[in-house]
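Here's the structure, in structure tokens; my notes come after.
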Amino acid sequence: MGLETRVVILGHLQRGGSPTAFDRMLGTRFGIAAIDLVHKQEFGCMVAIRGNEIVSVNLKDVIGKRKIVDLRLYDMAKVFFG
């Protein structure tokens, strides 16, 4: 077939490898924002990231909806996969 194949350990693929400093800080920021929601008694919400900003999103606004990847981003990423 002319395709390169490699062994992949599923757990590594799902986690994406070792966390970076950004990953660790993002987790901290999400945790702080979640505690802030509880403190403000804003139940029925979740924390999310928009751009580089942590925001509160009402669960009613997201339940049952799909968020898809912008196909332009997928097309850009094709250069890495041949």
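The values are calculated or read from the model by the stated rules, or taken from the named source; none is laboratory data. Owing to the predicted nature of the structure, the values given are computational and were not obtained by experimental measurement. Every residue, glycine among them, receives a Cβ derived from its backbone with ideal geometry; neighbour counts consider all protein chains shown.
Numerical summary
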item: Enumerated helices (runs of 4 or more DSSP H) restricted to the chain, each holding at least 1 residues that are modelled with pLDDT under 85 and surrounded by 10 or more Cβ atoms within 10 Å (Cβ to Cβ); result: 10-15, 71-77
item: Near pairs, Cβ below 9 angstrom, 6+ apart or cross-chain, from region 21-44 (over 12 Å from residue 56 (Cβ atoms)) to any residue that is among the small types (Gly, Ala, Ser) and loosely packed, with under 12 Cβ neighbours inside 10 Å; result: 23/16
item: Long-range neighbours under 8 Å by Cβ, at least six apart or interchain, first residue under 23 Å from residue 38 (Cβ atoms) within region 51-75, second among the β-branched types (Val, Ile, Thr) and outside any helix (DSSP H, G or I); result: 54/47; 55/47; 55/49; 56/47; 57/47
